[in-house]
Amino acid sequence: MTARTKLWSVIAALALLVVLALWTGPVPTESAYVSYGYARNLAAGHGLVFNAGDSPTEGYPSLLWVWVCAAMFAAGLDAPGVAPYLSLLLGALCVVLLFDLLRRRAEHGAQWVAPLLLFASSAALVMVSMTGADAPLFSLLLLGCAWSLDRIAQRPSPVLVALLALAAVLAIVCRFEGVVAATAVAVLLPRVVRARGRRHALAAVGVIAVAAILYHGWRVATFGAFVPDFVILHLGVNDGVFQHLQPFDTVPFGALYLIVAILAAVGFKLGRRSAGERFGVTVALLLGMLYLVMEDPTPGLSNHAALLALAIVPWPHVHRALLGSSNQPIERPRRVGQSLLIAAVLLIGIGLTADNRGTIQRFQESHLETLRPLGEWLADWRSNLTLATDRPGALSYFANGKTLDLRERSRLGAAEPDRARALAAAAPDVILLAARGQTKIIYDPDTERFRGTLRGYYFVAALRMAWSHDRSVILHARNDIPPPENTHDTFPHGIGLPFFGYESERPE
Amino acid sequence: MPKPKESPRDVTPEQRPGRAHFVALVLAAVVLVASCLYLTPFLPDDTYISFRYAENLANGHGLSFNPGEPLEAYSNFLWVLICAALYRMGMSLPAVAAYIGIVLALCGLFVLWLLYRRRVSHPRQLVLPLLIYATAGPFVLYVVSGMESALFGLLLLLLLYCASRLYERPTTTASLGLGVAGLLLALTRPEGVIVLPVALAYMAWDARRRGLGVGGGRLALVSMAVFALGYGAYTVWRVGYFGEWLPTPFMSKGYDAFPFLTAWRKNFWQYFIAGSFYEAPYGYFYAALALTSMAGVLLTRARDAAGDVDRLALLLAFVLAAVYANFVDWMPGMRYHAPLVGLLCLPMVRAQRMLPEAWWGRKPWRSGLGVALALVILMSGYGLYRLKMRSGIVTQSQRECMIPLAEWLREVVPPNSLLAIGDVGAVPYYSGLRTLDIHRESLTDPRIAREGFTVDYVLQRQPQIVVFNVRGVFAAKMDPLHYTLGNDERFRKQYRFMGTVRHAWYLGRSYWVFMHMDGAVRLEALDRFPIGVGMEHRRGFSVADEEQGQ
């Protein structure tokens, strides 16, 4: 394959990613808005706090991403608007880096073009590239580690070792579980360098170890706990892996990640097992298992999506070992047949992305028609609003008030671990709870414990945030706070009720 | 027609069915049955139209949607006959139709296996394509849908089998078989009429291209004669019986200035951009199957009979897909295309020629075959699960809305009342009421189908019950034509609002039910008015109740 063809292949992969990502549109996740909230406070000089004036808490998924978003705020940019496109840029960089890793393993174009195109068009990459969250950054850092290890194994150089150390340190700062990647680097690096590079390698390992100790030492000193609040909050069975979260809501992506894992395992077994592959497969396996016990409500599983590129690295070996090495020229029908099969696989991949887009659209609808308008309405109502909610993402970000997170195991908004007691003590202006139903409300069992506090509040409205089961946000206000006079005209309508009465519509 | 190129006696010992061939068949059959049972129950609304026709026919009312009003509002004559026979034997159609579909799909699997046997050099090459056929989500979904899809799919494969026999050894029996299969296809679906002519045209063109002369032309004439005589007789009877050349659904599509362009646009959106309601766009799945089949055809270098039949299968799939592009298909998994899965699976078996010989060795689980099997199982599992989600929505809608509404209607209105409704499937079937189809593209009312919906016509028919299909439980958005009727002064005076019944979560799709003032309803009956999908908590209507734990 000529250099020109390679260039066009990479451009095609990037174009595929950009087109599919823009087609999908921004994916507003709750954890991304929690990060934006932290970043806004950090940029305003309040430190790493969920609410200005509170003690520091670690309720964000990624410190590095909070820093990036804080830099956006400091530069006068609207982070929620800009971050998805920065994620997309990082996703595109992942495609470029994966191209270099794949082509070094492939004997001919078909062995790397197909995996690269599949990655670029995958539902997982497209989704995380538009979340405005940290997953593409973490994915890029992991790929950077694998790439550096591979290059160092071929030709060690101090620059590459420094680059690897930087990637590993950033991975540590990016996510709590980044320490797994850094450890893998520290174990593998001394093994891959030759004698003359060993000094640099040991220095890099030392830097990584010191960075890890300093960072986690600072974390424990600042937040008072080793395991971050974000991890504690999300520990649980990841039922999104093997089944949809709620009936008819999201698609079962576990089967697809299992396909990726099988191909990775086969490629690893049959391939050369380079340092980059050892790193990739080990980290993907360990983190993949860790993510099985972390709740992940995003359509397409954003945690696992960050591992996708690592798992694809050994795929060229699968092609070579199972389909046969084809250095010899092959006759035209066979070549065309192979191209058709690659196109068929690619179509399936794009079909899955289109399928996932349907689920994402429901997230977008919920965000644009319910959570964001309600948050903005609350911000207009009272400037220093205090609220308590079990949906502390976009709602509290746009309400821009002091928020008490009512989710079990959360410490956001109050250090008191008993949320019912924390709620009673805080006596917020409004309480927002997720429930089923619009006219008669069925609360989640977890919410039962707030019933006592709710007696001091009056019901304001129920806003539908999803069609299925009429899932709604229920707004209560404290009895001593009267509703605004223009409530009827200004209150957001939520999903599906932009009209009242009896209307005609265009036929489908 | 081509001359014979290969006789069955030329079959190599490897190609003769051995134990491994039968094991592959049995395994695929087990997987197919399991897949079908997984997606059961799924009886979309249109299924009930056929059931109603079948039951009316079996009860001696002729082919009519409403007893005594002969009308061709079905598009599956042969399937209606089969259902009528089953009903006559005392079977409940909603209960048994899915299992008849499974039996037909198993027959299709057997025919596919017969065809595959001539194409594989090793029995293990049967495994992947048979597994893909047995777990192809859209195909399996329509096998159990109570529709004619499984029958149409089986007949398409039977036609290919007869064509294959004709290529191998031209005999009158094979020719007759080809004609009969073509005729049955034409009786099963309207578009089935083009299948045999296309097949014979291809075979004639192929024979001429290769200078094989017209030796088999006489046999082709036999096929064509069987088909033409049978279909001609059917058409004469049909026109005589119904008094119309075209079935009602064909007449109702003309509301648009460019109906075909509209259909293409809607279908493209439906197939590739966004599934309707909560479903996946399945165009990618069929496109991937088609590309794999094309790869199989490309790799069929030998000019053998099997290669010709593979090309014919691909051609038929493309021709039928081109026809289906002109008819809007809202159903999950692309209902019309589902029977084409068998056609596309046939040439696919040859695509395996690209794979190394090691795949078919003594320890296939150590080679790529094991990996490929795992991947196909996972991918198919995903597809089946995805469609299960969609079929669950349909089933919930019928269980919690349509059937309770129909039973309520049966209870509160006299049996000879007229029901006006746009969804003429489950509600009319279970209520047993005479039905006026007020959909703007009416399937079962010739007047609306031919001249369009008018308020005067509907009011003149004096329906006892009028049901609007709208968006919204508490506020209604509806078809402008129905809106005109609902706002008409006469309608407002003559009808009273009874209530709303949600039939789907998405968009709050609901039935708004109105009853003629003449009809008296007892208060107890009003209390039993169905509440629809997810509305179990609507009664009581109070947050305080919930907070008191009621």
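The values are calculated or read from the model by the stated rules, or taken from the named source; none is laboratory data. All of these numbers come straight from a predicted model, not from anything done at the bench. Glycine gets a Cβ as well: all are built from the backbone with ideal geometry, and neighbour counts include every protein chain shown.
A few remarks follow.
- Residue match in the range A:330-344 (condition: within 14 Å of chain B (Cβ to nearest Cβ), surrounded by fewer than 23 Cβ atoms within 10 Å (Cβ to Cβ) and of a type in the set (S, T, Y)): yes
- Residue match in the range B:486-494 (condition: surrounded by fewer than 19 Cβ atoms within 10 Å (Cβ to Cβ), under 25 Å from B:I403 (Cα atoms), within 12 Å of another protein chain (Cβ to nearest Cβ) and of a type outside the set (S, T, N, Q)): no
So that you can scan it fast, the table gives a plain yes or no per residue for (1) of a type in the set (K, R); (2) more than 14 Å from chain B (Cβ to nearest Cβ); (3) buried (at least 20 other Cβ atoms within 10 Å of the Cβ):
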| position | (1), (2), (3) |
| --- | --- |
| A:L404 | no, yes, yes |
| A:G413 | no, yes, yes |
| A:E416 | no, yes, no |
| A:E448 | no, no, no |
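- Looking across A:L307, A:L395, one residue alone is in contact with a strand residue (DSSP E or B) (Cβ under 7 Å, 6 or more places away or on another chain), aliphatic (A, V, I, L, M) and crowded, with 23+ Cβ neighbours inside 10 Å. It is A:L395.
- Residue within the range A:345-359 that is of a type in the set (D, E) and away from chain B (no Cβ under 13 Å) present: no
- Unmet requirement for A:A422, which otherwise passes all of (1) within 18 Å of A:L395 (Cα to Cα); (2) away from chain B (no Cβ under 12 Å); (3) aliphatic (A, V, I, L, M): (1)
- B:S145 vs. criteria crowded, with 24+ Cβ neighbours inside 10 Å and assigned to a loop (DSSP other than H, G, I, E, B): yes
- The residues on offer are B:F42, B:F51, B:F77, and the sole one that is touching a Cys at 6+ places or on another chain (Cβ under 7 Å), buried (at least 18 other Cβ atoms within 10 Å of the Cβ) and within 21 Å of B:P339 (Cβ to Cβ) is B:F51.
Every residue, every condition in (1) more than 13 Å from B:Y271 (Cβ to Cβ); (2) without any contact (Cβ under 8 Å) to a residue 60 or more places away in the chain; (3) part of a loop (DSSP other than H, G, I, E, B); (4) more than 12 Å from chain A (Cβ to nearest Cβ), yes or no:
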position: B:Y284; (1), (2), (3), (4): no, yes, no, no
position: B:A290; (1), (2), (3), (4): no, yes, no, no
position: B:G296; (1), (2), (3), (4): yes, yes, no, no
position: B:A306; (1), (2), (3), (4): yes, no, no, yes
position: B:V309; (1), (2), (3), (4): yes, no, no, yes
position: B:A313; (1), (2), (3), (4): yes, no, no, yes
position: B:V323; (1), (2), (3), (4): yes, no, no, yes
position: B:M331; (1), (2), (3), (4): no, no, yes, yes
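- Being touching a residue at least 12 places away in the same chain (Cβ under 8 Å) and part of a loop (DSSP other than H, G, I, E, B) is a description that does not apply to B:L32.
- No other residue among B:A186, B:A181 is surrounded by 18 or more Cβ atoms within 10 Å (Cβ to Cβ), over 23 Å from B:R118 (Cα atoms) and either touching a His at 6+ places or on another chain (Cβ under 8 Å) or at pLDDT 95 or above (or both) apart from B:A186.
- Elements of type strands (runs of 3 or more DSSP E) contained in the range A:428-508, each with 2 or more residues being closer than 30 Å to B:T484 by Cα, at pLDDT below 90 and over 36 Å from the mean Cα position of the chain (by Cα): A:502-504
- Strands (runs of 3 or more DSSP E) fully within the range B:434-550 that include at least 1 residues being modelled with pLDDT under 85: B:476-478.
- The criterion of being hydrophobic (A, V, I, L, M, F, W, C), assigned to a helix (DSSP H, G or I), modelled with pLDDT of 95 or more and closer than 27 Å to B:T248 by Cα does not hold for B:V103.
- Criterion (away from every other protein chain (no Cβ under 12 Å), without any contact (Cβ under 8 Å) to a residue 60 or more places away in the chain, under 28 Å from the mean Cα position of the chain (by Cα) and surrounded by fewer than 23 Cβ atoms within 10 Å (Cβ to Cβ)) met by exactly one of B:Y385, B:Y336: B:Y336
- Within the range A:487-498, residues that are away from chain B (no Cβ under 14 Å) have Cβ atoms under 6 Å from residues that are at pLDDT below 75 in no pair, counting only partners at least 6 apart in sequence or on another chain.
- A:S396 being under 20 Å from A:F230 (Cβ atoms) and hydroxyl-bearing (S, T, Y): yes
- Take the conditions (1) farther than 19 Å from A:A153 by Cα; (2) at pLDDT 90 or above; A:G300 misses just one of them, which is (2).
- The test for being part of a helix (DSSP H, G or I), touching a helix residue (DSSP H, G or I) at 6+ places or on another chain (Cβ under 7 Å), surrounded by fewer than 24 Cβ atoms within 10 Å (Cβ to Cβ) and at negative phi holds for B:L128.
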